[in-house]
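Contents: one structure, followed by commentary.
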Amino acid sequence: CCPRTVIELQPAAVVYMKAANNQVVGVGSGSTIVYAVDRLAERVRQEKLNIVCVPTSFQARQLILQHGLTLSDLDRHPELDVAIDGADEVDADLTLIKGGGGCLTQEKIVAGCAKHFVVIADFRKDSTSLGQQWKKGVPIEVIPMAYVPVSRAVARRFGGEANLRMAVSKAGPVVTDNCNFILDWKFERAQNWKEVNTAIKMIPGVVETGLFVNMAERAYFGMEDGSVQVRDPPVN
């Protein structure tokens, strides 16, 4: 994010926290969320708020602790008031691709437990249809022993190719917080994402997909000029 975008996204990130006191907040993962947590911690200090935070990843957990916020989990707080997270891409229907950082499963679990799920992102993540901006494909978390048959099944049924994500600073594949592998499915065309998401999850060995369909109720985009654009789901 550019500096002006960051400045504007900070207040937008916590817009759903109106009274904000005594709320349970799901804290997402990724670069944009760093600024949301900064703003949240600032409000907690200034307004003496009682906020409990549930992380979606090891990174989010560390952010919560570093800012002195109250850390919890879904065992103690299985229902969240709001979850705030980023996205790799957001289409016109508020369908998301997430998982570029490898946290898709825990991100989806936390978002699914929240009464409100809000996305914050910069303008580069905004698109009309999935694949327009994000070129790395849809992440799919898989059980390690199943990555070859799952990649073959996805390519055979939906086209494109699903490749095992390899680590950059270590030898071998990326390993998630859940000790699984990630396939990045580079699709060739637009799909019915709800049907695709359901079908892929039915393949034995698949843990979760990075397709978030009908989950986000609002997205905030920080624009190049420092303004913020708001998108709600289309009214059917």
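The values are calculated or read from the model by the stated rules, or taken from the named source; none is laboratory data. The model shown is predicted, which means the values in this text are computed figures rather than measured ones. Backbone-built Cβ (ideal geometry, glycine too); neighbour counts: all protein chains shown. Just the protein is used for accessible areas: all its heavy atoms, side chains included, with ligands, DNA and RNA removed. Shrake-Rupley method; radii C 1.70, N 1.55, O 1.52, S 1.80 Å.
What the table shows:
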| read-out | value |
| --- | --- |
| Spatially proximal lysines relative to residue 186 (Cα-Cα < 26 Å; intrachain offsets below 8 disregarded) | 98, 108, 125, 135, 136, 170, 194, 201 |
| Surface/4 of the Cα convex hull for the stretch 78-235, nm² | 10.1 nm² |
| Accessible solvent surface per residue of the chain, calculated while the other protein chains remain in place, 1.4 angstrom probe, Å² | 48 Å² |
| Rounded to 10°, Cα long-axis angle of helix 3-13 versus longest principal axis of the chain | 80 degrees |
| Highest average packing first - 157-165, 224-232, 138-146, Cβ atoms within 10 Å | 138-146, 157-165, 224-232 |
| Pairs of alpha carbons in the stretch 138-209 whose separation is greater than 19 Å (percent) | 27 percent |
| Protein accessible area in the chain, 1.4 Å probe - carbon and sulfur % | 51 percent |
| Hull volume in cubic angstrom per residue (convex hull over the Cα atoms of the stretch 20-109) | 99 Å³ |
| Percent antiparallel among DSSP beta bridges (both partners in the chain, rounded to 5) | 50 percent |
| Cα centroid separation, the stretch 118-150 to the stretch 21-43 (Å) | 23 Å |
| Relative contact order (%) - criterion: Cα under 8 Å, at least six apart; region: the chain | 23 percent |
